[in-house]
1. In this structure, is residue 112 touching a His at 6+ places or on another chain (Cβ under 8 Å) and among the aliphatic types (A, V, I, L, M)?
2. Out of all the residues in the range 308-359, which are closer than 15 Å to residue 262 by Cα and of a type in the set (Phe, Trp, Tyr)?
3. Within the range 80-129, restricting attention to residues that are touching a strand residue (DSSP E or B) at 6+ places or on another chain (Cβ under 9 Å) and not small (Gly, Ala, Ser), which residue is nearest to residue 169 (Cα to Cα)?
4. How do the pairs read when you match residues in the range 192-217 that are at pLDDT below 95 with residues anywhere that are among the small types (Gly, Ala, Ser), using Cβ under 6 Å and keeping only pairs 6 or more apart or on different chains?
5. Name the residues in the range 313-347 that are of a type in the set (Lys, Arg), in contact (Cβ under 8 Å) with a residue 24 or more places away in the chain and outside any loop (DSSP other than H, G, I, E, B), would you?
6. For the range 2-16, which positions are part of a loop (DSSP other than H, G, I, E, B) and of a type in the set (Val, Ile, Thr)?
7. Run down 310, 257 and say which single residue is assigned to a helix (DSSP H, G or I) and either modelled with pLDDT of 95 or more or touching a Phe, Trp or Tyr at 6+ places or on another chain (Cβ under 7 Å) (or both).
8. Please work out which residue is farthest from residue 133 (Cα to Cα), limiting yourself to the range 60-74 and to residues that are touching a helix residue (DSSP H, G or I) at 6+ places or on another chain (Cβ under 6 Å) and of a type in the set (A, V, I, L, M, F, W, C).
Amino acid sequence: MIYKNLLIHNDIFEKLLNISSNKKVQNSYIFHGQKGIGKEAHAIEFFASLNCNNKNTDCDSCSSCNKTKVLQHELLNIILPLPKNKSITKNDSALKTLDNKQLDELTKEFQAKGQNPYHQIKLRNANTILINSINDIKKSISLSIPKNKYKLHLILESEKLCYPRQEAGNALLKILEEPPENNFFILITSDISKILDTIISRSSIINFNNIEFQKHYDFLIQNNINENIAKITPKISFGDINYSLKLSNNFKETTKILEELIESLINSNLAKWEKKFNNIKDKNNIIEIITLLNILLTDAYKYKNNEESIYFNNLEKHLSLLSKSQSLNIEKFNQIINKTINNINLNGYIPLMTSGLYIDLNKQLNTNF
């Protein structure tokens with residue numbers, strides 16, 4: 001095993017090991033499921049088992065597995081969205097678009113992934129997989145591969161092959177139409193709907209379910225997370241292990257922000273709302289808070305209707321206050337919040353977006369507290 005701290009999806013892992021032992025590797029696979037549940041790590045384990053010199057699933061000592069552990073294996077090609085901050089020609093390597101600082105950042109991301117199976121390799125302002133990355137694959141597949149070995153092209157966030165533009169996706173499709181010997185592809189995605197149907201039709205789809213609650217809870221406890229927090233964050237992270245760890249480590253600060261936002265809604269205090277959001281500098285953190293706010297509003301609806309499946313059971317006081325509203329319309333809340341998140345992702349002016357969110361939510365609640 002490459003990762004000692006990976007929560008195994010038993011059925012999938014057994015299937016991959018059977019493929020490995022029988023050497024019946026298909027040309028392309030799509031690993032689909034929620035972020036942060038170990039899809040990439042299972043792909044890396046699959047690659048390791050195929051190329052292990054000892055042919056042992058528990059190997060942690062052969063030269064091949066040692067190189068895989070640090071993601072430095074010559075037959076492991078990892079493709080991911082890259083920021084395009086430098087002009088490059090179509091014949092240039094995709095990495096040429098990165099400056100030295102970004103190259104160092106990418107190295108650190110790979111090192112983190114080698115240690116943490118749930119770490120998401122990601123560079124700032126990387127929104128698409130470049131056509132140059134696919135051209136790099138075309139160049140590499142002509143290189144010889146040792147007998148009985150396999151080269152894996154692991155494509156992270158593979159929906160970004162085809163979204164917002166399809167250029168890289170179409171280029172990959174041409175490769176899949178004439179599959180190179182002993183090369184195979186694993187496309188990792190949490191949104192298969194954005195992948196070209198023609199790519200999907202040429203791939204074997206493996207669906208990953210969310211990690212079951214008890215396994216997730218035990219994982220957090222083993223990582224020294226408070227028991228009460230460990231009962232909440234697996235639910236509000238929707239199974240994303242990495243995100244639940246982040247939430248758990250910042251739980252008090254995050255719930256404090258949510259409490260103050262709810263209080264500003266209840267008291268019709270736009271100034272307090274705007275000040276709270278102005279203190280959050282990172283766009284992704286703002287989106288996270290807005291997403292959690294949506295969960296909290298849904299919890300208020302459940303609380304009002306005496307439903308038991310409440311996630312934020314530590315915020316009963318605020319749920320009780322919200323439940324006094326006469327118009328807890330969950331569908332409308334979802335529409336308002338999803339629209340705000342979409343606009344932020346489209347680089348809308350964040351202070352304007354968050355103030356508009358307040359106005360829409362306050363209007364929707366439309367009650368005297």
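1. Taking the combined requirement at face value, the residue satisfies it.
2. 312, 333, 358
3. 129
4. That search, which allows pairs on different chains as well, returns 210/239; 211/239.
5. 332
6. 2, 8
7. 257
8. In this case the residue turns out to be 65.
The values are calculated or read from the model by the stated rules, or taken from the named source; none is laboratory data. Everything quoted here is computed from the prediction, not taken from an experiment. Counting neighbours? That spans all protein chains shown, and the Cβs are built from the backbone with ideal geometry, glycine included.
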